[in-house]
Amino acid sequence: MELIRLQKYIAESGITSRRKAEELIREGRVKVSGEIIREMGVKINPDTDEVEVDGHIIRQETKKYYIMLNKPAGYITTTSDDFNRPTVMELTEDVHARIYPVGRLDYDTQGLLLLSNDGDFANAIMHPKGNLKKTYIASVKGLITVSAIKRLRSGIDIGDYVTKPAEVELISGTERESSVKIIIGEGKKRQVRRMLDAVGFPVLRLKRVAIGGVTLGNLPEGKWRHLKPSEIELLARQKKGK
Ligand code: URA
């Protein structure tokens, strides 16, 4: 068996990305065969060395999983919750690998969420540089106005940030409720909700329907499926701006 860099081995165990693995090493949380390793670049032999992170032995997970989940509202996008709320991990228990969410959706937002055990993939997708466009369908209270749509399109102050121009399209509208499609390249906390609050049309329901060219399609709510190889490639390509 060939020697492998410690941070790569940790990332391939699925617990975190390679960059975070370097932090763990620096913080003295990683042991190789019983000895704390703090320096970078150490190589290990996966057949004979035992690697521990925070006292837990980790192993390389060679099979990579790339999952899309149709998250229902009322689930939190973390692996555990201090308030005991349901987590998206409960909906993907039958994926027998240590996957974790790639990015996040609010507790009350539904729709397309990616999960993976490929730390480098997760890190690349989440990195703010060259952000992938995300498409949302928002149901808002009342009949949204043309001027509100124009303000959303040109960028709007959401308190601590002015959003970049967004693609915004009215899908349907009545006096009671309107449905709008919003495509943004950024991912500030509760961004779509705050954008719509800022123009006076609070969100009633919010659903993410696409990340880059990968769409939720008709995946039933609460269900997951594997991404197709072509979808994984598409995300990687779009992320690089190709
Ligand atoms: N914008 C929001 O307001 N919430 C989300 O979950 C995602 C984008």
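The values are calculated or read from the model by the stated rules, or taken from the named source; none is laboratory data. Just so you know, these numbers come straight off a predicted model, no measurement behind them. Counting neighbours? That spans all protein chains shown, and the Cβs are built from the backbone with ideal geometry, glycine included. All accessible areas refer to the heavy atoms of the entire protein, side chains included, with ligands and DNA or RNA removed. Shrake-Rupley method; radii C 1.70, N 1.55, O 1.52, S 1.80 Å.
A Förster distance of 25 Å, applied to the separation of the beta-carbon atoms of ILE36 and ARG59, puts the FRET efficiency at 0.85. If R0 is 30 Å, the Cβ-Cβ spacing of SER172 and ARG19 corresponds to a FRET efficiency of close to 0.10. Measuring nothing but protein heavy atoms, the accessible surface of the range 3-96 at 1.4 Å probe radius is 44 percent carbon and sulfur. Rolling a 1.4 Å probe over the protein heavy atoms gives the range 133-211 an accessible area of 52 Å² per residue. Each label point was placed 7 Å from the Cα along the Cα-to-Cβ direction; for ASP82 and ARG5 their separation is 3.5 nm. Both the radius of gyration and Dmax for the chain are 20.6, 68 Å, in that order, over alpha-carbon atoms.
Would you work out if the range 76-116 is rounded, prolate or oblate? Take a ≥ b ≥ c from the square roots of the eigenvalues of the alpha-carbon gyration tensor; rounded if a/c is under 1.5, else prolate when a/b is larger than b/c, oblate otherwise. Note, shape of the range 76-116 comes out oblate.
Computed from Cα atoms, the angle from the helix 229-239 axis to the main principal axis of the chain rounds to 80 degrees. In a fully extended conformation the segment linking LYS129 and ASN45 would gain 26.8 nm over its present Cα-Cα distance, using 0.36 nm per residue. Given only helices, namely DSSP H runs of n ≥ 4 each adding -39500 (n - 2.57), what is the per-residue ellipticity at 222 nm of the chain, to the nearest 500 deg cm²/dmol? The per-residue figure over the chain is -6000 deg cm²/dmol. Peptide packing: for 6-18, 74-86, the average count of neighbouring Cβ atoms within 10 Å per residue gives the ranking 6-18, 74-86, highest mean first. Applying D = kT/(6 pi eta Rh) to the range 4-57, where Rh is the Kirkwood radius over alpha-carbon pairs, T corresponds to 10 °C and eta to 1.306 mPa s, the Stokes-Einstein value obtained is 150 µm²/s.
Using r as the Cβ-Cβ distance of ASP108 and ALA198, and R0 as 25 Å, what FRET efficiency do you calculate, to the nearest 0.05? My answer for the efficiency is 0.85.
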